[in-house]
Amino acid sequence: MASLSDFSAPRSLHPLTLVMQFLRSLPALLLLLAPTIIRGSAGETRLTLTFALMYAVITVPLIIIRYLRFRYWIEDDEIVVHSGVLTRRKRNIPVDRIQNIEIQQSLLPRLMGMAQVRLDTAGSTSSEGQLEYVSLKEAHTIRRIVREFQRAEQMQASLAQTGGRQGNKARAAAPLTPPPALSPEGLQAGTLHAADTGEGKATPTNEGDESSTPLLTMPPLRVVLMGAYRFSLLFIVLLLSATQYLQLDPEQLADLLFRGPLQDAATVIAESPWLYGSLVVFTAAVLSWLTGILTTFVRYYGFKLWLEGDKLQRKHGLLTLQEGTIPLKRVQTLILRSNPFMELRGWFRLELQTMGYDVDEQGYHVVVPFAQRNELLSIARNIRPLALPETFHSVSPITIRRHFVRYTVALLAIVIPLAQLWSTAWWGLGLVPFLGLFAYLHYRNHGYATTGNMLFIRRGVIRRYIFAVPLDKMQVFMNRASIFQRRLGLKSLSVDTAGSGSVAYPEIVDMPDAAADALLQTLHSRFQRYFRARKDEGAPSDLLDGAAAKAFATGKPEADPTAGATNASDEDTPVNHENGTQPTEPTPTEPTPPEAQAEPSSLSSTEK
């Protein structure tokens, strides 16, 4: 097995990467040449062959040069990646900033024994580094080496926090050295020495080892059931794109589908526009449903989730095998997702919003794709203590009117222009009563609650979300009011955390202004008390122990026995809700750790 010394010198990618890069370039060429190949004449065929030859002359050398110029290696505290042909790029990725090392294997690389390694860091919206491709064994070795460096750094930080000032200075001046497990013997054994874990026995460090009991294992039948609750338009989009691109006549396709005994049925359908439209909608719905089952099965086949130390590990995929990691300390928000059909049967999906999110998943990591409510909550408690509130506070009923007006205006903006070309479009106004029902459901499914150290926000009609936002992860509390909301005495309260998404985010819309101001003050004062208690304890920001935990859960600081009732008598910093000024925070006595999230949050109130 490769040792740390093998990665200290520049290394190249797997030789079969050349084959994979060439195969990946072929679909683009075939897509360009498809119309000529199908309908081309003899002269166009010669032109096609000439173009293909030129493509090969340019592409093949470029692939080879790119492979030869790509190098990577691991230094004491960072991974270095050199790449580029005309523009040379050097990327240094600090080991302590690496949040996720994801190993992916699509079908062909898996057959060739290769894998893609993606390095995600905190605060990034895409992978900081990609290794396409290395051997599977090498991919696991890279991940293991990085993990051992991170464990060593965490131990050093922990010792620095528990030691005195002189000990802190001495340890800070000392260079970071890899633990014994990074020796060639430790790597070959695949174990971490007991001295490194602080326990009486060795802990496995094989990242691919699934011998531990997983938190969740999804059998194939559950994956299929999960797909039954989802729709995908992928097949329809591909069909329409192929029809347009290849210039296929829809009427000719219909004749091919309705030949023979179905010819009479096709004639009846063609004479009735309503029957024809209904058949098109039904066919599209069935195809979308079947495509949803297929895509879900391919993506989540063999899903496994297990906890290793302070990191969640997950593995899934049929054609593309994915292995990923989610450090628990990077988790910002827990999100329970569902839809009306899933919720009716008690099925939910758990997502985590983290610092440095994966844009392929719109800012969120799916950790429990499909589970019953009790099972999901049991898994979530391994991430963060979580208990869903029994009841939610409703927003103002005025939101029904506001949403109904919005939906109606949007419908008129579509129907009126369309009716100028097609008079039947006026029938679209028959949807107005349904818009009223939809606005009412939006009000019924929108609410908020505070339980312990969590803010819960529920919203959505078709896509339903329950956001569980820990108060210590909040960075900004904000009230805002548009010109229409001000006239109705309403405000919207939103909270922001590191890495929050722009598509779905925790926001309470159309609260009565007095309730919005009161909730804003409550959230901020609880955070202020927790922050002061935490600083008095000198605890790391990601721990909720002692006075900090009690202050956070109850909103009242625990008195310091050595200082009388000093903390208990502290008053919250005055907040100006009109101009959105930020309160002054107590001066920390020690530097805040780099990973700390719980710096004083911003508090603001804005109007548009």
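Are any of the residues in segment 364-384 of a type in the set (Gly, Ala, Ser), modelled with pLDDT under 90 and farther than 17 Å from residue 464 by Cβ? Full working, then the answer.
Step one: of segment 364-384, the residues of a type in the set (Gly, Ala, Ser) are 371, 378, 380.
Checking which are modelled with pLDDT under 90 leaves us with none.
No: zero hits.
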Inset, instruction - Kindly indicate whether any position in segment 36-47 is modelled with pLDDT of 90 or more and of a type in the set (D, E, K, R). - result: no
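Per-residue answers, yes or no, for (1) closer than 15 Å to residue 336 by Cβ; (2) assigned to a helix (DSSP H, G or I):
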site: 429; (1), (2): no, yes
site: 440; (1), (2): no, yes
site: 456; (1), (2): yes, no
site: 467; (1), (2): yes, no
site: 472; (1), (2): no, yes
site: 477; (1), (2): no, no
site: 480; (1), (2): no, no
site: 485; (1), (2): no, yes
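Does residue 409 fit the bill of being closer than 21 Å to residue 470 by Cα and either of a type in the set (A, V, I, L, M) or in contact with a helix residue (DSSP H, G or I) (Cβ under 6 Å, 6 or more places away or on another chain) (or both)?
Numbers: closer than 21 Å to residue 470 by Cα: no; either of a type in the set (A, V, I, L, M) or in contact with a helix residue (DSSP H, G or I) (Cβ under 6 Å, 6 or more places away or on another chain) (or both): yes.
For residue 409, the condition - closer than 21 Å to residue 470 by Cα and either of a type in the set (A, V, I, L, M) or in contact with a helix residue (DSSP H, G or I) (Cβ under 6 Å, 6 or more places away or on another chain) (or both) - is not met.
Just to be sure, is residue 404 open to solvent by 50 Å² or more (accessible area, probe 1.4 Å), part of a helix (DSSP H, G or I) and in contact with a Gly (Cβ under 7 Å, 6 or more places away or on another chain)?
Against the criterion (open to solvent by 50 Å² or more (accessible area, probe 1.4 Å), part of a helix (DSSP H, G or I) and in contact with a Gly (Cβ under 7 Å, 6 or more places away or on another chain)), residue 404 qualifies.
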Legend entry - Sole residue being open to solvent by 80 Å² or more (accessible area, probe 1.4 Å) and of a type outside the set (D, E, K, R), chosen from 121, 87: 87
Legend entry - Condition broken by residue 449, with the remaining ones in (1) small (Gly, Ala, Ser); (2) open to solvent by 10 Å² or more (accessible area, probe 1.4 Å); (3) touching a Phe, Trp or Tyr at 6+ places or on another chain (Cβ under 6 Å) satisfied: (2)
Legend entry - Flag if residue 111 is free of Cβ contacts under 8 Å to residues at least 40 places away in the same chain and open to solvent by 70 Å² or more (accessible area, probe 1.4 Å): yes
Legend entry - Which numbered condition residue 414 fails, given (1) open to solvent by 70 Å² or more (accessible area, probe 1.4 Å); (2) β-branched (Val, Ile, Thr); (3) under 27 Å from residue 507 (Cα atoms): (3)
Inset, instruction - Output the strands (runs of 3 or more DSSP E) that fall wholly within segment 280-383 and possess 1 or more residues being open to solvent by 50 Å² or more (accessible area, probe 1.4 Å), or say none. - result: 304-308, 331-338, 364-372
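If you scan segment 384-401, which residues turn out to be of a type in the set (S, T, N, Q) and in a loop (DSSP other than H, G, I, E, B)?
First, pick out the residues of segment 384-401 that are of a type in the set (S, T, N, Q): 391, 394, 396, 399.
391, 396 - these are the residues of segment 384-401 that are of a type in the set (S, T, N, Q) and in a loop (DSSP other than H, G, I, E, B).
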Inset, instruction - Return yes or no: is residue 367 out of contact with any Ser or Thr (no Cβ under 9 Å at 6 or more places or on another chain) and touching a residue at least 60 places away in the same chain (Cβ under 8 Å)? - result: yes
Legend entry - Lone unmet requirement of (1) modelled with pLDDT under 95; (2) of a type in the set (Gly, Ala, Ser); (3) within 18 Å of residue 511 (Cβ to Cβ) for residue 439: (1)
Legend entry - Residues of segment 464-500 classified as open to solvent by less than 20 Å² (accessible area, probe 1.4 Å) and among the small types (Gly, Ala, Ser), total: 5
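The values are calculated or read from the model by the stated rules, or taken from the named source; none is laboratory data. Note that the coordinates shown come from a computational prediction; the quantities given were computed from them, not determined experimentally. Glycine also receives a Cβ, built like all others from the backbone with ideal geometry; neighbour counts cover every protein chain displayed. Keep in mind that these areas ignore ligands, DNA and RNA; they rest on the heavy atoms of the full protein, side chains included. Shrake-Rupley method; radii C 1.70, N 1.55, O 1.52, S 1.80 Å.
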